[in-house]
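See below for the structure under consideration.
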Amino acid sequence: MVLRNINKLWKNDKRLVFSYLKERERKRERQRERVMKKEGDGNFEALTNGDFEEQVSSSRFSSLLESRDRDYLLTSTGLQVKVSDLEGKVIGLYFSANWYPPCRNFTPVLVDMYEQLKTNGSNFEIVYVSSDEDLNAFNNYHALMPWLAIPFSDLETKKALNRKFDIEGIPCLVILQPNNNKDDATLHEGVELVYRYGVRAFPFTKERLENLLEEEREKHERQTLTNLITDHNRDYLLGHPSPKQVPVASLVGKTVGLYFSAQWCVPCVKFIPRLISIYQKIKQVLVENGDQEDFEIVFVSNDRDQESFDSYFNTMPWLALPFGDPTVKELAKHFDVHGIPCLIIIGPDGKTVTKQGRNLINLYQENAYPFTDSKLELLEKQMDEEAKNLPRSVYHPGHRHELNLVSEGNGGGPFICCDCDEQGCGWAYQCLECGYEVHPKCVTTADRASTGQ
C-alpha cells in the first residue's frame, strides 16, 4: 500500500498524499469493472458511477461482515448486534490477537480513544477480527474491548477480510467510511494514526489527515529544545547528584539526544553500557579537539515507579526529565515513539536531526556524532572502502554455514545482527541458506572444522 508507513507520508508531504489517492482511484476502477461484469454485458454499459456506488455502499457492511447464516456481530458480553446497525458509521476493522505483545500494547490505547469518541457522541464503531489461537483466548481478549467482534467460529469471514484488505501484519486497524465504497476512503494506517494523533484523527478522512499533517509540519518547524523539554512549571532537568537541577537553557546550542528507556526493558538494559561508553568518548573527543560544540543526553523515562527511575538514572552520567513529568508523554507522541530503547537526536538549532540515534550508535559508535546526513554519507563511503578489503566469505563460530559478504545493493538491507542483536544496514555477512546475518565487526573468522563442517 502506498501509505503503509505514515511517517513516509509526513516526510514527503502532499506529493505522497496525491500519489496515494491516484493509486486508490485505480483500484476503485478495477473493483467497479469486476462488479459491473458480474451484472452481465447489458448492465455493464447501463450502470452509471452513481448507481454503482449506491448499489455497493447500501450493502457494503453486510457483504463484508455477515455470513450465509449470520447477520450479527458479538459484544464482549456475548450479545448479538445486527450488522445493519452499523450503517452510517465510521468503522474500524481491528485485526489483532491476544498472543502478540504489540497487539496487547495497542489495544488499551485504542480502547481509550474509542471511549472518548463514544462519550463525545461520535458515529464510530470498531469490529474485532481475531487471530486468537482458541475460543477461550478470544473470549478473554475480547472482554477487554468495549466494541463488537466477528464470532470466533466464523473462520471464513475472517479469512475473507484478511484477503480483501491485504493484511500483512498485526495489529492493523482498517478504517471504512460510511456510504462510501471508494478505495481512497479506506485507510489501512489506523494504528499509526491512533498512536500519532489519538482522537484528533477522527473521522480519519483524507481531508482530516491532510490538516493534521499540515499542523504537524508547522509544529516541527517551530520546534526548539526549550519548548520540547520544558513546561510552565519546570525549566530545569535533573542532574547528579540527585536532586541537582540543571537549567534547560544551558543545553541550548548543543547536540542533544533524547533517550527513551526503562529499567524493566531488557534491550534497554543491554544497550545502556554501550551508550554510556559512546557518550563518554564523544565528550572526550570534543574536549580534546577544543570544539565549541557539545553533546548531551536527556533520559526520558518509561519506568513504572519512582524507585525504579532513581535506580536506573543513577547508572547514567547524563541528565533526565523528572519521573512522571507530563512532558514524557508529549515527547513520545511528538516523535511517534512506539518502542524502546529509542534515541532521538536534536541539533544545535533545536530541530530534529534523526530518530535513528540508537541504530547509528550501533553502526558507527562515537564516529556517528553529530549524526547529520553529511556525516552519515561520509561514514557510508568509508564503510564501502573498508568493505573492499573484507573477505568475500567467512566461517563464523556462531554459525555452521558459510557466510557471504553482501551490501544493500547486492542482496542485503536492514537487518538484526544475530550476534549482538542490534540493527544493521549497509554491509553484512549473510548465510544464503538460512538468512543468518551479522555485522562485519561482529564476525570472528574460523576454519571450517571449528564450525562442524
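Within the range 371-393, residues that are under 20 Å from PRO348 (Cα atoms) reach partners that are among the polar types (S, T, N, Q) and open to solvent by less than 100 Å² (accessible area, probe 1.4 Å) with beta carbons closer than 8 Å, at six or more positions or on different chains, in the pairs PHE371/THR255; PHE371/THR354. Count of the range 202-241 residues, restricted to those that are open to solvent by less than 50 Å² (accessible area, probe 1.4 Å) and in contact (Cβ under 8 Å) with a residue 40 or more places away in the chain, is 18. If you go through the range 118-147 and keep only what is under 26 Å from the mean Cα position of the chain (by Cα), of a type in the set (Asp, Glu) and surrounded by fewer than 14 Cβ atoms within 10 Å (Cβ to Cβ), you end up with just GLU133.
Candidates in the range 275-297 are the residues that are β-branched (Val, Ile, Thr) and open to solvent by less than 40 Å² (accessible area, probe 1.4 Å); of these, the one that is nearest to LEU238 (Cα to Cα) is ILE297. Checking each residue in the range 247-297 for being within 12 Å of PRO317 (Cα to Cα) and in contact with a helix residue (DSSP H, G or I) (Cβ under 7 Å, 6 or more places away or on another chain) picks out LEU275, ILE278, GLU296, ILE297.
If the condition is being surrounded by fewer than 15 Cβ atoms within 10 Å (Cβ to Cβ), under 23 Å from LYS381 (Cα atoms) and modelled with pLDDT under 80, then the range 393-412 contributes GLU408, GLY409, ASN410, GLY411. Screening PHE309 with (1) in a loop (DSSP other than H, G, I, E, B); (2) touching a residue at least 12 places away in the same chain (Cβ under 8 Å) gives one miss only, at (1). Checking LEU343, LEU390, LEU376 one by one, the residue that is in contact with a strand residue (DSSP E or B) (Cβ under 7 Å, 6 or more places away or on another chain) and either open to solvent by less than 30 Å² (accessible area, probe 1.4 Å) or assigned to a strand (DSSP E or B) (or both) is LEU343 and no other.
For GLU189, indicate whether it is of a type outside the set (A, V, I, L, M) and crowded, with 17+ Cβ neighbours inside 10 Å. Considered against the rule, which asks whether it is of a type outside the set (A, V, I, L, M) and crowded, with 17+ Cβ neighbours inside 10 Å, GLU189 comes out as yes. Of the residues that sit in the range 298-333 and are under 23 Å from the mean Cα position of the chain (by Cα) and open to solvent by less than 20 Å² (accessible area, probe 1.4 Å), which one is nearest to VAL194 (Cα to Cα)? The selected residue is LEU331.
Filtered by the rule that a residue be over 21 Å from PRO440 (Cα atoms) and open to solvent by 50 Å² or more (accessible area, probe 1.4 Å), the range 354-373 gives LYS355, ASP373. Could you tell me whether the range 226-248 includes any residue that is part of a helix (DSSP H, G or I) and farther than 22 Å from PHE323 by Cβ? No, every residue in the range 226-248 fails to be part of a helix (DSSP H, G or I) and farther than 22 Å from PHE323 by Cβ.
The values are calculated or read from the model by the stated rules, or taken from the named source; none is laboratory data. In this text the structure is predicted, and so the values were computed from the model without any measurement. Here the Cβ is made from the backbone with ideal geometry for all residues, glycine too, and neighbour counts use every protein chain on show. Surface areas here come from the heavy atoms of the whole protein model, side chains and all, with no ligands, DNA or RNA. Shrake-Rupley method; radii C 1.70, N 1.55, O 1.52, S 1.80 Å.
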